[in-house]
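Enquirer: I have a structure I would like to understand better, so I am pasting it below and will then ask my questions one at a time.
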Amino acid sequence: MEASATQPAGRLYEDTPPNPPGRGSSDHSTANKALLRCKKITRIASFNACTIREDPKAMELAYRAGQLDIEILGIQEHRIVHQVETEFRFTCLEDRYLVTSSAWRNDMQAAVGGVGMLLSGRAKKTLSDIRSYSLRVLLANFADNPATTIIVAYSPTNVSDISEI
């Protein structure tokens, strides 16, 4: 469409500054380290691992999450038992960080359950708080703008005991 004599070419108000009076230009010289950004897709996913006790399985999971550009991967049933059930374990897997709360042992002493998260480097930098509300529920807060809360839960199956459900 051609500009007519009644329509101004270019911006409507060429002689006015781009920002309102008293407001300077924004400084874009620093890199934005925000976890969530409006112009960038942030991938958050969930995965029932059935086990990642062995290092090769955990490394493969970290590699695949990196390929898919997943920032936060909630993990259920990792089956990694810690010495102290209330502690979190941070494990570095190349450029990813595996955060786990302890799994537990069943009557046959087999490892069962466990919840955790696989975090990118950017997600780990913004992690402000992580809490375990039970062996099955993990909550992580990421201090950012906007603040983000991720809950990872491992539910018992419908064939479990009623007391467990």
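The values are calculated or read from the model by the stated rules, or taken from the named source; none is laboratory data. The shown structure was predicted, so the numbers you read here are calculated from the model rather than taken from an experiment. Methodologically, a virtual Cβ is constructed for each residue, glycine included, from the backbone with ideal geometry; neighbour enumeration extends over all protein chains shown. Heads up: the accessible areas ignore ligands, DNA and RNA and are worked out on the full protein's heavy atoms, side chains in. Shrake-Rupley method; radii C 1.70, N 1.55, O 1.52, S 1.80 Å.
Enquirer: Using a 1.4 Å probe on the protein heavy atoms only, what accessible surface does ARG122 show? Give it in Å² to the nearest 10.
Expert: Accessible area of ARG122: about 50 Å².
Enquirer: Sorted by accessible area with a 1.4 angstrom probe, largest first, how do SER160, SER128, SER102 fall?
Expert: The ordering from most to least exposed comes out as SER128, SER160, SER102.
Enquirer: With the dipole of the stretch 52-165 worked out from charges on the C-beta (+1 for Lys and Arg, -1 for Asp and Glu) around the Cα centre, which of ALA123, LEU68, ALA153 lies farthest toward the positive end?
Expert: ALA123
Enquirer: While we're looking at this one, here's another question. Any idea of ARG105's accessible area? Nearest 10 Å², probe 1.4 Å.
Expert: 120 Å²
Enquirer: Taking amide hydrogens as modeled 1.01 Å from N in the peptide plane, which residues meet the under 5 Å criterion relative to LEU93, leaving out close sequence neighbours?
Expert: Residues meeting the criterion, in which the H sits 1.01 Å from N, are LEU98.
Enquirer: Also, I was wondering about something else. To the nearest 10 square angstrom, how much accessible area does TYR133 have with a 1.4 angstrom probe?
Expert: 140 Å²
Enquirer: Just to be sure I understand the model, the point goes 7 Å from the Cα along the line to the Cβ. What's the resulting THR91 to SER46 distance in nm?
Expert: 2.3 nm
Enquirer: For the stretch 37-112, just say rounded, prolate or oblate: build the C-alpha gyration tensor, square-root its eigenvalues into a ≥ b ≥ c, call rounded for a/c under 1.5, and beyond that prolate if a/b exceeds b/c, oblate if not.
Expert: Because a/c hits 1.5 or more and a/b exceeds b/c, the stretch 37-112 counts as prolate.
Enquirer: Pull out a ≥ b ≥ c, the square roots of the eigenvalues of the alpha-carbon gyration tensor of the stretch 46-165, then state rounded if a/c is under 1.5, prolate if not and a/b is larger than b/c, and oblate in the remaining case.
Expert: The shape class here is prolate.
Enquirer: Same structure, new question: Would you tally the net charge around ALA65, using a Cβ to Cβ cut-off of less than 12 Å, leaving ALA65 out, and scoring K and R as +1, D and E as -1?
Expert: Neighbour charge sum, excluding ALA65 itself: -2.
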